[in-house]
1. Name the pairs whose Cβ atoms lie under 7 Å apart, with the first residue in region 21-38 and modelled with pLDDT of 80 or more, the second of a type in the set (D, E, K, R) and part of a helix (DSSP H, G or I), and 6 or more positions between them or separate chains?
2. With respect to Gly64, determine if the residue is under 14 Å from Arg112 (Cβ atoms), at pLDDT below 95 and surrounded by 12 or more Cβ atoms within 10 Å (Cβ to Cβ).
3. When you scan region 99-110, do you find a residue that is within 18 Å of Gly33 (Cβ to Cβ), within 13 Å of the chain's Cα centre (by Cα), among the hydroxyl-bearing types (Ser, Thr, Tyr) and surrounded by 14 or more Cβ atoms within 10 Å (Cβ to Cβ), even just one?
4. Considering only region 86-94, I want to know if a residue exists there that is modelled with pLDDT under 90, surrounded by fewer than 16 Cβ atoms within 10 Å (Cβ to Cβ), among the polar types (S, T, N, Q) and part of a loop (DSSP other than H, G, I, E, B).
5. Could you grab the pairs with beta carbons closer than 7 Å, sequence gap of 6+ or different chains, first residue in region 41-63 and in contact (Cβ under 8 Å) with a residue 40 or more places away in the chain and over 18 Å from Pro91 (Cβ atoms), second one assigned to a loop (DSSP other than H, G, I, E, B) and of a type in the set (S, T, N, Q)?
6. May I ask you to list the residues in region 22-75 that are part of a loop (DSSP other than H, G, I, E, B) and either closer than 13 Å to Asp106 by Cα or among the β-branched types (Val, Ile, Thr) (or both)?
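The values are calculated or read from the model by the stated rules, or taken from the named source; none is laboratory data. Since this is a predicted model, take the numbers as computed values, not measurements. Positions of Cβ are backbone-derived with ideal geometry, glycine not excepted, and every protein chain shown enters the neighbour counts.
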Amino acid sequence: MNARTCFLVFIASSMGFAVVVPKIGVAGDAKKGQAIYSQSCAACHGTDGKGGIPGAPDFTSKNGVLKSPDSVLIDRITNGYQSKGSPMAMPPKGGNASLTAQDISDVLAYIRQRFGG
């Protein structure tokens with residue numbers, strides 16, 4: 001967990017909010033992740049993983065975003081991320097606030113299995 005996430009967890013916890021933080025190393029289920037990807041990710045990232053809109057990364061690129069460690073990708077999925085030069089940012093949880101830590105692990109397992117990495 002990075003410092004920003006730790007700070008936000010501390011603040012939210014002290015205010016009485018329940019906080020779900022994905023755990024690094026939690027086993028993901030690629031089959032469940034496929035359903036999540038098609039519902040929450042494919043509109044922007046494409047069913048082929050090549051990026052369906054400007055700025056969405058190409059998951060199939062050999063030197064692309066999937067070279068990053070799980071901890072980085074989980075942070076980006078959880079908290080949102082704007083790629084360098086991208087006209088728009090991915091919102092936290094891809095705009096699907098109902099995604100759980102397990103859902104995020106599952107979708108990452110699917111992305112790695114389907115598109116490489």
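1. Close Cβ pairs (under 7 Å, with a partner that is of a type in the set (D, E, K, R) and part of a helix (DSSP H, G or I)) amount to Gly28/Asp106; Asp29/Asp106; Lys32/Asp106; Gly33/Asp106; Ile36/Asp103; Ile36/Asp106.
2. yes
3. yes
4. Yes, region 86-94 has at least one match.
5. Gly49/Thr60
6. Answer for region 22-75, where residues must be part of a loop (DSSP other than H, G, I, E, B) and either closer than 13 Å to Asp106 by Cα or among the β-branched types (Val, Ile, Thr) (or both): Pro22, Lys23, Ile24, Gly25, Val26, Ala27, Gly28, Asp29, Cys41, Thr47, Ile53, Thr60.
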